[in-house]
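These notes are about the structure you will find just below.
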Amino acid sequence: MKDTKEKILKTSLTLFAEKGYHAASVRNITSKLGFRESALYNHFSSKESILEALCEKYKSGRINKVILTDDLLDELSRPEKFLEIFAKRLFEFWSDEEEKLFFQFVLKEIEINLNQLTISINSYLDELRSIWWMIFDEMKKLKIIKNIDPQIITDEYISRLFLLRIEFTIKHISKDELFKKIDDHINFIWNAIKPD
């Protein structure tokens, strides 16, 4: 039963990424899976409930759980290294095939508003922003970095990583080239925020 639900989610994600949410129908999903629409409705009440499940799966604290581990937090005393390790782990996380599909879906849709659910690039980045605001705020309090507004540093740090992600996804640059660009970005950020 759980296997079927996962297949529905994966197939729906693929179709949403390819066609967009509104263009992908329940019939498209079940046709690709090779079963009747009624089988889908045994697991999900609507296409919207599939979307809600996908959003829950791909937006619910995954970065915190997967990337922001104790061993990484131990590197906070070496902030430049911390920034580098986090960015590289983030790209490893973003390299997961299903994560790429969800990202393609978010880029394709620009913004969806369904009942209480809003899907947009901004909402997709909210978790990452809140994590980094907290980290830079803590670094500022500990005087590990200059006394700069944590929101400004957060936006500067994340915006370049996000643009690199788009470049990595669309242009298919190599990981070596990507990591070189990440290193350059970290050096730039660190030189801007390190204490005098």
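The values are calculated or read from the model by the stated rules, or taken from the named source; none is laboratory data. Since this is a predicted model, take the numbers as computed values, not measurements. Backbone-built Cβ (ideal geometry, glycine too); neighbour counts: all protein chains shown.
The table for this structure:
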quantity	calculated
Output for the stretch 181-196, where each listed residue is within 20 Å of GLU138 (Cβ to Cβ) and of a type in the set (A, V, I, L, M, F, W, C)	ILE186, ILE189, TRP190, ALA192, ILE193
Of residues in the stretch 1-36 being exposed (fewer than 13 other Cβ atoms within 10 Å of the Cβ) and among the aliphatic types (A, V, I, L, M), the one nearest to PHE103 (Cα to Cα)	ALA23
Wholly enclosed helices (runs of 4 or more DSSP H) of the stretch 29-132 bearing at least 2 residues within 18 Å of ALA17 (Cα to Cα), modelled with pLDDT of 85 or more and more than 19 Å from the chain's Cα centre (by Cα)	47-59
Any hit, the stretch 45-57, residues being hydroxyl-bearing (Ser, Thr, Tyr) and either in the same structural domain as ILE145 (by TED's automatic domain parsing) or touching a strand residue (DSSP E or B) at 6+ places or on another chain (Cβ under 6 Å) (or both)	no
Residue within the stretch 135-148 that is under 22 Å from THR69 (Cβ atoms), modelled with pLDDT of 90 or more and under 19 Å from the mean Cα position of the chain (by Cα) present	yes
Of all residues making up the stretch 37-81, the number that are under 19 Å from LEU101 (Cβ atoms), surrounded by 13 or more Cβ atoms within 10 Å (Cβ to Cβ) and charged (D, E, K, R)	6
Inter-residue pairs, beta-carbon under 7 Å, first under 17 Å from ILE144 (Cβ atoms) and in the same structural domain as LYS141 (by TED's automatic domain parsing) and in the stretch 59-85, second outside any helix (DSSP H, G or I) and among the hydrophobic types (A, V, I, L, M, F, W, C), 6+ apart	PRO79/ILE144; PRO79/ILE145
Close pairs from the stretch 170-185: first under 12 Å from GLU84 (Cα atoms), partner surrounded by 13 or more Cβ atoms within 10 Å (Cβ to Cβ), Cβ under 6 Å, at least 6 apart	LYS181/LEU164; ILE182/ALA87; HIS185/ARG160
Considering residues of the stretch 178-196 that are of a type in the set (Asp, Glu) and surrounded by fewer than 13 Cβ atoms within 10 Å (Cβ to Cβ) only, the residue farthest from ASP149 (Cα to Cα)	ASP184
